[in-house]
1. Going through GLY322, GLY313 one at a time, which residue ends up being of a type outside the set (Asp, Glu) and either surrounded by fewer than 16 Cβ atoms within 10 Å (Cβ to Cβ) or without any contact (Cβ under 8 Å) to a residue 40 or more places away in the chain (or both)?
2. Determine which member of the set ARG329, ARG298 is surrounded by 13 or more Cβ atoms within 10 Å (Cβ to Cβ) and either more than 23 Å from ASP258 (Cβ to Cβ) or without any contact (Cβ under 8 Å) to a residue 12 or more places away in the chain (or both).
3. How many residues, within segment 41-100, are basic (Lys, Arg) and either over 18 Å from ALA128 (Cα atoms) or touching a His at 6+ places or on another chain (Cβ under 8 Å) (or both)?
4. Mind telling me which of the residues VAL210, VAL235 ends up being part of a loop (DSSP other than H, G, I, E, B) and touching a Phe, Trp or Tyr at 6+ places or on another chain (Cβ under 9 Å)?
5. I'd like the residue in segment 101-118 that is among the hydrophobic types (A, V, I, L, M, F, W, C) and not in a loop (DSSP other than H, G, I, E, B) and, out of all such residues, is farthest from LEU131 (Cα to Cα).
6. Assess whether GLU195 counts as being of a type in the set (D, E, K, R), modelled with pLDDT under 95, surrounded by fewer than 16 Cβ atoms within 10 Å (Cβ to Cβ) and over 24 Å from the mean Cα position of the chain (by Cα).
7. Just to confirm my filter: which strands (runs of 3 or more DSSP E) fall fully inside segment 121-181 and include at least 3 residues that are within 30 Å of PRO211 (Cα to Cα)?
8. Identify, from the list VAL139, VAL165, VAL94, the residue that is touching an Asp or Glu at 6+ places or on another chain (Cβ under 9 Å) and either modelled with pLDDT of 95 or more or farther than 20 Å from SER49 by Cα (or both).
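The values are calculated or read from the model by the stated rules, or taken from the named source; none is laboratory data. Everything numeric here is computed off the predicted structure, so don't read it as measured data. FYI the Cβ positions are ideal-geometry reconstructions off the backbone, even for glycines, and counts take in every protein chain you see.
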Amino acid sequence: MPVLLPAREARTGVQMPRREASLAAFVVVCLAGGSASGLSGQGGSRDQSHDFGTVTQAEKVVHAFTLRNDGAAPLTIERVELSDAGMTARFERVIPSGAAGQIRIEWLTGQLAGKVEAEAVVHFTPPARPLTLGLMGVVRPSIEFLPYPAVFVSVFTGQTAERHVRIVNHEPRPLAITRLEGGGRVFAAALDTVEAGKVYDLRVQVPAGVPPGRYQEAVYIDTDHPRRPRIPIAVHVLVKRDVYANPEVVDFGMVSLDELAQAPSLLELLTQTVLIKKREGVFGIKAVASDLGLLRIRRSPDGRSAAFRIDVGLDRQRLRPGPITGSIRVATDDDAFPEVVIPVRGELR
């Protein structure tokens, strides 16, 4: 009789290399055992793989791999290792000589999205080379956001911009959006129905009067979906001055002084690069200064330009344990934007 041991109920686990960022820790389905000589799969090969195409999130993927025992002795499966906690394996423990058996893999896709891969590794007794059974395909979210489940807007002061997110319902059940929450001083949000129950268009508009800065906001979509009644859509807004720094902050992160002492060449890898740009035309940099004495700062080119590169490194002789907190001040010849201030942060340990 077939034996079904769900992966999530297995008490022992064996970790294997991850094949996809979304895959969970590996688990083991254990049975008892026989011989692995003369094993062949479909097409005469040992290892097998199956591409299940595209399925909608929460659908169950089911596939049966066929194994044939061409040896003189019965073939015994000791255990099957599964690469995702949503997988289960069903199989006959013993395949008689000259007979074929199946390993049926089921994979729940409720927690998966995008291109996915997983493996079932079959072990035999007495020990022989394991057999790898692969599953791959694309899991399409039940509710999909195109191009991304987020909005990114970058504008200059005084500009306005509009971005769109298409909301597509892939389930047969109609999707109703009951409420849209979000917006205010930084942006306005509106929703248009493209196809009732199936397709909607989210519009996010940034008005011209938003002060310079970086804003992290969100739109919340309330629906009648049983599993996704409230869906957040992140809204990232960057309003730039006509003369601005990119990136806006120099962040060294956590720096180990012991590692630098052992490998001084690592210091060069910590160098951060900042571009100072102007929206239109050229400008000049009069001076670059910092209130942090442990910085080494280089800029290029000389003269006037539409963009300058500033490389910010650390002076090894001045490094001491403690936080790095300060700024770099860039003086320009632009009357409207005479100075650009770049925060500097990090920690030395």
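1. Just one listed residue meets the conditions, GLY322.
2. Result of the check over ARG329, ARG298: ARG329.
3. Final tally of qualifying residues: 3.
4. Testing whether each residue is part of a loop (DSSP other than H, G, I, E, B) and touching a Phe, Trp or Tyr at 6+ places or on another chain (Cβ under 9 Å) leaves just VAL210.
5. Among residues in segment 101-118 that are among the hydrophobic types (A, V, I, L, M, F, W, C) and not in a loop (DSSP other than H, G, I, E, B), the one farthest from LEU131 (Cα to Cα) is LEU108.
6. No.
7. Counting at least 3 such residues, we get 150-156, 161-169, 177-181.
8. VAL165
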